[in-house]
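Colleague: The following block contains the structure, expressed as structure tokens.
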Amino acid sequence: MLRALAATGPVITSAGIILAGTFSVLMTLPVTYTFDLGFMVALGILLDTFIVRTIMVPAAVELLGDKIWWPSTATGAGALHETTEDDAAAEPARG
């Protein structure tokens, strides 16, 4: 998780700041509706950038482990799961 944050953190942060800045341009218009829209979208993007992607997602990965990939059958770190005889014996028969 630390390696993933180190590799993608600066890119996600800079993209979030740029996108929030783009939407905050709507706050310069004299129409109240566009000001409100620009403020809320920019705030939401900044919350997603700094809270969700840097704190909540890593915490969920640490708490849930490989269950974080549900409903997919993928496992974390791109590892392939090889079926062993013990795994095959533990699985119910499909038919």
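The values are calculated or read from the model by the stated rules, or taken from the named source; none is laboratory data. Given the structure is predicted, the values throughout are model-derived calculations rather than measurements. Neighbour counts run over all protein chains shown; Cβ positions are idealised from the backbone, glycine included. To get the accessible areas, we keep the full protein, side chains included, count just its heavy atoms, and leave off ligands, DNA and RNA. Shrake-Rupley method; radii C 1.70, N 1.55, O 1.52, S 1.80 Å.
Colleague: Could you tell me whether residue 64 is part of a helix (DSSP H, G or I), over 24 Å from residue 10 (Cα atoms) and without any contact (Cβ under 8 Å) to a residue 60 or more places away in the chain?
Modeller: Values: part of a helix (DSSP H, G or I): yes; over 24 Å from residue 10 (Cα atoms): yes; without any contact (Cβ under 8 Å) to a residue 60 or more places away in the chain: yes.
For residue 64, the condition - part of a helix (DSSP H, G or I), over 24 Å from residue 10 (Cα atoms) and without any contact (Cβ under 8 Å) to a residue 60 or more places away in the chain - is met.
Colleague: Does segment 9-18 contain any residue that is at pLDDT 95 or above, open to solvent by 60 Å² or more (accessible area, probe 1.4 Å) and part of a helix (DSSP H, G or I)?
Modeller: yes
Colleague: List every residue pair whose Cβ atoms lie under 9 Å apart, where the two residues are 6 or more positions apart in sequence or sit on different chains, the first residue falls within segment 1-23 and is touching a residue at least 40 places away in the same chain (Cβ under 8 Å), and the second residue, located anywhere, is surrounded by fewer than 13 Cβ atoms within 10 Å (Cβ to Cβ) and of a type outside the set (A, V, I, L, M, F, W, C).
Modeller: What qualifies is 1/62.
Colleague: Within segment 54-95, count every residue that is in contact with a Gly (Cβ under 8 Å, 6 or more places away or on another chain) and at pLDDT 60 or above. Lay out the reasoning, then the answer.
Modeller: Keep residues of segment 54-95 that are in contact with a Gly (Cβ under 8 Å, 6 or more places away or on another chain), which gives 54, 61, 65-66, 68-69, 76.
In the following step, the residues that additionally are at pLDDT 60 or above were identified as 54, 61, 65-66, 68-69.
Qualifying residue count, segment 54-95: 6.
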